[in-house]
Amino acid sequence: QATFDQYRAAELKHGRVCMLAVLGYIAPETYRFGYDIAPGVSTYDIPNGVAAIDYIPALGWAQIIFFIGAVDYWGVLGDFDFGKPDLGDKEEERKLQELQHGRLAMLAFLELLRHDSQNFVSPGFDGYDNMITGLPFIYGN
């Protein structure tokens, strides 16, 4: 039972990360904040998705890896009582929904990564110019 609980906690953590990752993968397609992430490197100049890997400075990668490691090791973004809704008898249902949404987000992130990687290697392989092809109005077309 202890091993199952450990696996379930890891699945929940990965699901939450992937929910944020899917949002972070799609949001830059539609909006940029327009600040400099390094001197002379604006967010407007960085491409989306896999193509952005080469544009992030080495110190930026170090900050990302340190922050993720700190959160994972010390649990800095842990379990806070502030802002939690009182779900009453719907708590178990909501936990199951969060787990299912996390599973879906893990699949969605892998598909976004696969599609973007394939489009990076062979541009226009699917005949579309943008990542989100079902909503052309978000690009101003």
(1) assigned to a helix (DSSP H, G or I); (2) loosely packed, with under 14 Cβ neighbours inside 10 Å all hold for residue 34 apart from (1)
Selection from the stretch 47-86 of residues of a type in the set (A, V, I, L, M), open to solvent by less than 90 Å² (accessible area, probe 1.4 Å) and at pLDDT below 80 yields 76
Restricted to the stretch 112-127 and to residues being over 22 Å from residue 23 (Cα atoms) and among the small types (Gly, Ala, Ser), the residue surrounded by the fewest Cβ atoms within 10 Å (Cβ to Cβ) is 127
Across (1) at pLDDT 90 or above; (2) open to solvent by 80 Å² or more (accessible area, probe 1.4 Å), residue 94 clears everything bar (1)
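The values are calculated or read from the model by the stated rules, or taken from the named source; none is laboratory data. In this text the structure is predicted, and so the values were computed from the model without any measurement. A quick note on method: Cβ atoms are made from the backbone with ideal geometry, for glycine too, and the neighbour counts reach across all protein chains shown. Remember, those area values only see protein heavy atoms, side chains included, never the ligands or the DNA or RNA. Shrake-Rupley method; radii C 1.70, N 1.55, O 1.52, S 1.80 Å.
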